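What follows is a short report on a single structure.
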Amino acid sequence: MDEAVALLRVYSLIQRNAQAKTLSVHRLVQAVLRDALGEHNQRLWAERAMRAIAAALPAVLHEQWSQWERIVLHAQMCVQQVKDNTSQSRELTMVLQRTGWYLRQRTRYREAETLLERAYKISQRERGIDHLDTARDALALASLYKNQGKYAEAKPLYVRALAIREQQLGAEHPDTALSLNNLAELYRVQGEYAEAEPLYVRALAIYEQQLGAEHPDTASSLNNLAALYNSQGKYAEAEPLYVRALAIREQQLGAEHPDTASSLNNLASLYYIQGKYAEAEPLYVRTLAIYEQQLGAEHPDTASSLNNLAELYRVQGKYAEAEPLHVRALAIREQQLGAEHPSTAQSLNNLAEFYR
């Protein structure tokens with residue numbers, strides 16, 4: 001291996017980055033090699049590369065993001081070369097789905113949408129409309145649409161995924177609970193509270209029974225039901241659920257995990273709505289610090305945290321502290337989510353309110 005790499009470097013056909021421990025091939029060299037292969041061999045090697053990528057993909061967790069950054073471009077290039085009717089369609093779908101899910105988490109929505117839509121189409125064709133893989137891919141695509149504010153496109157996919165899981169896994173399976181929770185979230189963000197509540201309650205009961213009272217998925221369900229009560233002004237019902245979710249996440253995931261930050265933010269928002277500013281501020285500050293460290297300074301969740309802390313400062317008359325946070329939140333949302341996203345509209349509204 002060392003001899004082969006050394007020879008290729010002599011002829012400048014390959015570059016080595018000793019610090020990153022990577023080898024790279026110039027795109028022109030790649031193009032020449034592909035052209036020389038012929039159509040059959042191009043397809044053969046593209047499928048081999050795709051299988052290698054599939055075997056190397058890490059879990060889609062924020063702890064693995066540095067590893068994902070090393071492989072995501074390879075995955076994107078690889079799936080461009082592989083046809084949908086390949087004999088390795090299962091591996092192709094997995095690469096499409098997991099890479100798309102990673103890109104969604106990094107708010108690279110346009111790149112993610114292309115991959116997730118393709119994965120869903122392949123699953124429907126190859127595995128059938130009632131297969132669990134189809135439900136998984138429908139759910140991934142629906143979540144992406146919801147993040148983009150495309151609620152009309154998201155709803156039928158959420159409903160479809162729930163129907164498949166209830167049929168294939170049963171009414172009490174944790175994956176069924178996840179689909180119940182996702183559909184309920186869609187209803188909540190659209191203000192359809194009556195439709196959301198029974199789904200949230202049912203999901204929580206399944207998680208507590210099947211996974212236990214201290215499981216992170218139970219914490220997520222508690223958090224979501226609390227958010228519903230918060231949206232309805234039922235603060236007394238929301239607070240103990242938020243507190244319990246935060247305690248589970250701190251214990252199970254750690255004090256610096258993004259999900260812990262989410263719980264801190266939600267509890268702070270509950271205090272803010274009730275005018276308990278002294279209780280809210282340290283939670284908002286801690287939330288922002290975690291998001292900036294774990295997700296990055298340009299992530300939409302960081303923007304939401306900036307917005308929330310700015311609003312707290314505004315209502316207290318701390319205008320010098322509020323303005324730069326509002327401006328920064330708006331800039332992130334316009335760049336990451338686009339000029340027409342509902343969250344961008346929220347930032348525009350909040351900044352206008354600040355100036356008013």
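Quick rundown of the values:
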| read-out | value |
| --- | --- |
| Any hit, region 24-47, residues being closer than 20 Å to residue 136 by Cβ, of a type in the set (S, T, N, Q) and assigned to a helix (DSSP H, G or I) | no |
| Hey, residue 114 open to solvent by less than 30 Å² (accessible area, probe 1.4 Å) and hydroxyl-bearing (Ser, Thr, Tyr) or not | no |
| Counted residues, region 303-320 - those being surrounded by fewer than 19 Cβ atoms within 10 Å (Cβ to Cβ), under 13 Å from residue 277 (Cβ atoms) and of a type outside the set (Gly, Ala, Ser) | 3 |
| Qualifying position, being at pLDDT 90 or above and open to solvent by 60 Å² or more (accessible area, probe 1.4 Å), among 57, 33, 8 | 8 |
| When residues of region 253-278 are limited to those that are among the hydrophobic types (A, V, I, L, M, F, W, C) and open to solvent by less than 20 Å² (accessible area, probe 1.4 Å), the one farthest from residue 311 (Cα to Cα) | 261 |
| Checking residue 13 against (1) surrounded by 11 or more Cβ atoms within 10 Å (Cβ to Cβ); (2) in contact with a helix residue (DSSP H, G or I) (Cβ under 9 Å, 6 or more places away or on another chain); (3) within 30 Å of residue 298 (Cα to Cα), the condition it does not meet | (3) |
| The lone exception for residue 232 - which of (1) open to solvent by less than 60 Å² (accessible area, probe 1.4 Å); (2) over 21 Å from the mean Cα position of the chain (by Cα) it fails | (1) |
| Residue count, region 235-247 (criterion: open to solvent by less than 20 Å² (accessible area, probe 1.4 Å) and either of a type in the set (Phe, Trp, Tyr) or within 18 Å of residue 178 (Cα to Cα) (or both)) | 2 |
| Matching helices (runs of 4 or more DSSP H) fully within region 269-356 where at least 1 residues are under 20 Å from residue 238 (Cβ atoms) | 277-294, 300-315 |
| Qualifying position, being touching a residue at least 60 places away in the same chain (Cβ under 8 Å) and surrounded by 12 or more Cβ atoms within 10 Å (Cβ to Cβ), among 341, 326 | 341 |
| Residues (open to solvent by 20 Å² or more (accessible area, probe 1.4 Å) and within 19 Å of the chain's Cα centre (by Cα)) located in region 188-223 | 188, 189, 216, 217, 220 |
| The listed residue being of a type in the set (A, V, I, L, M) and at pLDDT 95 or above, out of 310, 339 | 310 |
| Pairs with Cβ under 6 Å, 6+ apart, first in region 294-322 and under 20 Å from residue 343 (Cβ atoms) and among the acidic types (Asp, Glu), second part of a helix (DSSP H, G or I) and open to solvent by less than 50 Å² (accessible area, probe 1.4 Å) | 298/332; 301/291 |
| Contacts under 8 angstrom Cβ, first residue in region 44-57 being among the acidic types (Asp, Glu), partner open to solvent by less than 60 Å² (accessible area, probe 1.4 Å), 6 or more apart | 47/82; 47/86; 47/88 |
| Selection within region 279-299 - surrounded by 22 or more Cβ atoms within 10 Å (Cβ to Cβ) and either among the aromatic types (Phe, Trp, Tyr) or closer than 18 Å to residue 61 by Cα (or both) | 284, 290, 291 |
| Residue list for region 129-140, restricted to those being open to solvent by less than 10 Å² (accessible area, probe 1.4 Å) and either touching a residue at least 40 places away in the same chain (Cβ under 8 Å) or in a loop (DSSP other than H, G, I, E, B) (or both) | 135, 137, 140 |
| Only one of 125, 90, 70 that is out of contact with any Cys (no Cβ under 7 Å at 6 or more places or on another chain), open to solvent by 60 Å² or more (accessible area, probe 1.4 Å), farther than 28 Å from residue 169 by Cα and in a helix (DSSP H, G or I) | 70 |
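The values are calculated or read from the model by the stated rules, or taken from the named source; none is laboratory data. Since the structure is predicted, the reported quantities are computational estimates derived from the model, not experimental observations. No Cβ is skipped: glycine too gets one built from the backbone with ideal geometry, and neighbour counts run over all protein chains shown. Note: areas computed on protein heavy atoms with side chains; ligands, DNA, RNA excluded. Shrake-Rupley method; radii C 1.70, N 1.55, O 1.52, S 1.80 Å.
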